[in-house]
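Everything below concerns the one structure shown next.
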Amino acid sequence: MTIWHPSDDGHADLSDHDTFTRGVPHNTFARLRREDPMAWCEGGQFRGYWSMTRHEDIMQHNRNTELLSSARGIRMEDQTYEEYVARRTFQETDPPEHTRTRIRVGKAFSKPVIDRQSEVVRGLCCRILDTALEQEEFDAAALISRQLPMRMLGQILGIPKQDLDWLVTKGDELIANTDPEYTDHILDRDDTQAYRFMPFRSPAGADLFRYAKRLMEERRTRGEGGGVLDLILEPDDGDNVISDVEFRNFFCLLVAAGNDTTRYTISAAIHALACRPELLEQLKRGDDAIWRTAPDEFIRWASPTMHFRRTATRDFELHGKRIREGDKVVYWFVSANRDETRFDRPFDIDLSRSPNPHLAFGQGGPHICLGMWLARMETRILLQELVRRTARLELAGDIEYLRSNFVGGIKRLPVRVIPETPST
Amino acid sequence: MVKITWKIAGKDDITADIPIGNTLMEAAVDNNVPFIEGECGGCLSCATCHVFVDPDWYGTTGAPGDFEEDMLDMTEVERSPTSRLSCQITASTELDGLVLHVPIPD
């Protein structure tokens, strides 16, 4: 039994968010990898762009930030210089500026620091699952996947528990700004001109900024410090302090990134376990070795961050195409992760896949995901605890996908869970 | 080409001829040296290419640069006095015969 087959005709419009409501158009990506690996795509409401779809090409270019820069925007959307400056975070910078900022916050997300949080993650996973599994049939995307990442980020940032649901809603408004279920200001349909200086061109950015300011004032009053947000507010070696705007944008970035991506990995994993019972069996029987490789395979399979964009700083040629200075180039990580020339049976889930050179975290370049150790750990522990509690897992209805070509995946996942009988 | 050896506790050494100009992270990935991932492609963002330079060779490889120094605080296995990120060491004739020890996570 297969997990999922792409249904696109091989010529899907990658700029149209509606395309992705039927799942990732993998037939189109496969054709592009084969026939036109540096493909010119019409941009819909934006300028056109080049689609880079092969694993090898992305690996070769992602580190070459002098040629393909992040410092002119990282999403398909065109921005004026003023919009870019108002909204930029360290994601929209190149080394060495990027490296300087990243080092300030990197330690809080480094593997040894994240590893020390494993029991906190396990505690959250147990509470989330125990609540969800009180029902036999439920939406796993809402009751499991959507719950974990923000609760964990809340722990890391020192956010009070009662604020977490509000933050999840705001995080959804930011990243899912193309899906009418999550925002009243749909990026490609409504007039969002009034919010063009806000993170993700969304009014949620202003709400989050007010929240972050208040949070920091309260933390200062209580004498709390040493968290990630304190680190970013400390003066650097040159005594420079980040501006209010930069702090707002950084906070929004954490909320958006911490809220969304791993949620879709967890949903994709649960969906796979429901469609392929032998995967659940493998995990149940599995030893430590399978738990070292399975999380990355689910992350490859899900590829929740489908692309990021760069901008050419000068003319160059690739696969017979002439790319001009100022042209937008999109790295389709989601395509690279199904590249037949890099992965044996890329459309199968192989829980023991090793090595697993997937690019779901933007590997091969300086912007590799800051939260990747956290993402891997959350995926592993959530699935360990789910598998332990589950005898059988089935789909209980049709799944639905987020309307987005940027960060996305399964947003509705009706499942039926037959619990494991407690051993006596 | 220069000869580089990776020593891995409990496993056979890996010795390989490395083209001059390649980084020792790239060399390790090309030769399937375990526990050296190099996930950020040598951009000083991930600290997954950590090695202990053999003390006899540390004078030749030299000490870490400024950014590298900070990144060495983020490695999975705690740093030692001869720790380097191998993406920041480039194969050169002076390094022919270099010995690196691979940090093994718990």
Query raised in the report: Taking interchain pairs and intrachain pairs at least six residues apart, which have beta carbon atoms under 7 angstrom, with the first residue in region B:16-30 and in contact (Cβ under 8 Å) with a residue 12 or more places away in the chain and the second in a helix (DSSP H, G or I) and surrounded by 21 or more Cβ atoms within 10 Å (Cβ to Cβ)?
Result: B:ALA16/B:ALA27; B:ILE18/B:ALA27; B:THR23/B:SER86; B:THR23/B:CYS87; B:LEU24/B:SER86; B:MET25/B:SER86; B:MET25/B:CYS87; B:ALA28/B:SER86
Query - The one condition in (1) among the hydrophobic types (A, V, I, L, M, F, W, C); (2) away from every other protein chain (no Cβ under 11 Å); (3) buried (at least 21 other Cβ atoms within 10 Å of the Cβ); (4) touching a residue at least 40 places away in the same chain (Cβ under 8 Å) that B:VAL99 fails to fulfil - result: (3)
Query raised in the report: Consider B:THR23 against the criteria (1) touching a helix residue (DSSP H, G or I) at 6+ places or on another chain (Cβ under 9 Å); (2) closer than 16 Å to B:VAL102 by Cα; (3) β-branched (Val, Ile, Thr); (4) surrounded by fewer than 17 Cβ atoms within 10 Å (Cβ to Cβ): it satisfies all of them except one. Which criterion is unmet?
Result: (4)
Query raised in the report: Applying the selection to region B:34-46, what residues are within 25 Å of B:LYS11 (Cβ to Cβ) and facing another protein chain (nearest Cβ under 7 Å)?
Result: B:GLU39, B:GLY42, B:CYS46
Query - helices (runs of 4 or more DSSP H) (entirely within region A:251-350) containing at least 3 residues that are of a type in the set (Val, Ile, Thr) - result: A:288-302
Report summary line: Quick count over region A:17-54, residues being part of a loop (DSSP other than H, G, I, E, B) and within 19 Å of the chain's Cα centre (by Cα), is 4
Report summary line: Those residues of region B:58-76 which are buried (at least 17 other Cβ atoms within 10 Å of the Cβ) and farther than 20 Å from A:ALA360 by Cβ amount to B:THR61, B:PRO64, B:PHE67, B:GLU68, B:ASP70, B:MET71, B:LEU72, B:MET74, B:THR75
Report task. Inspect all residues belonging to region A:82-91 and state whether any of them is within 11 Å of another protein chain (Cβ to nearest Cβ), of a type outside the set (Gly, Ala, Ser), surrounded by fewer than 20 Cβ atoms within 10 Å (Cβ to Cβ) and farther than 30 Å from B:ASP106 by Cβ. Result -> no
Query raised in the report: Looking at A:ILE103, A:ILE58, which one is buried (at least 18 other Cβ atoms within 10 Å of the Cβ), within 14 Å of another protein chain (Cβ to nearest Cβ) and without any contact (Cβ under 8 Å) to a residue 12 or more places away in the chain?
Result: A:ILE103
Query raised in the report: A:PRO96 versus (1) within 11 Å of chain B (Cβ to nearest Cβ); (2) touching a residue at least 40 places away in the same chain (Cβ under 8 Å): which is the lone unmet condition?
Result: (2)
Query raised in the report: Looking at region A:344-368, which of the residues that are without any contact (Cβ under 8 Å) to a residue 12 or more places away in the chain and within 23 Å of B:CYS46 (Cα to Cα) is nearest to the other protein chains (Cβ to nearest Cβ)?
Result: A:ILE368
Query raised in the report: Just wondering, is there one or more residues in region A:63-70 that are surrounded by fewer than 19 Cβ atoms within 10 Å (Cβ to Cβ), part of a helix (DSSP H, G or I) and among the acidic types (Asp, Glu)?
Result: no
Requested in this report: Give me the pairs, please: first residue somewhere in region A:389-401 and free of Cβ contacts under 8 Å to residues at least 40 places away in the same chain, second residue anywhere and surrounded by fewer than 16 Cβ atoms within 10 Å (Cβ to Cβ) and part of a strand (DSSP E or B), beta-carbon distance under 8 Å, and either six or more positions apart or on two chains.
Outcome: A:ALA391/A:ILE418; A:ALA391/A:PRO419
Query raised in the report: Taking region A:58-77 as the search range and keeping residues that are within 21 Å of the chain's Cα centre (by Cα) and of a type in the set (D, E, K, R), which one is farthest from A:LYS328 (Cα to Cα)?
Result: A:ARG63
Report summary line: So, first residue touching a residue at least 24 places away in the same chain (Cβ under 8 Å) in region A:267-296, second residue among the hydroxyl-bearing types (Ser, Thr, Tyr) and in a helix (DSSP H, G or I), Cβ within less than 8 Å, six or more apart or across chains; the pairs are A:SER267/A:SER145; A:ALA269/A:THR379; A:ILE270/A:SER145; A:PRO295/A:THR379
Query - Complete set of residues in region A:277-292 that are of a type in the set (Gly, Ala, Ser) and exposed (fewer than 13 other Cβ atoms within 10 Å of the Cβ) - result: A:ALA289
Query raised in the report: Restricting to region A:137-165, what's the tally of residues that are touching a residue at least 12 places away in the same chain (Cβ under 8 Å), in a helix (DSSP H, G or I) and either crowded, with 24+ Cβ neighbours inside 10 Å or not acidic (Asp, Glu) (or both)?
Result: 17
Query - Flag for B:THR23 being in contact with a strand residue (DSSP E or B) (Cβ under 7 Å, 6 or more places away or on another chain) and away from every other protein chain (no Cβ under 14 Å) - result: no
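Every read-out reported here was derived from the displayed coordinates using simple, explicitly stated rules and does not represent laboratory data. Given the structure is predicted, the values throughout are model-derived calculations rather than measurements. Quick reminder, even Gly has a Cβ in these numbers, built from the backbone with ideal geometry, and neighbours come from all protein chains shown.
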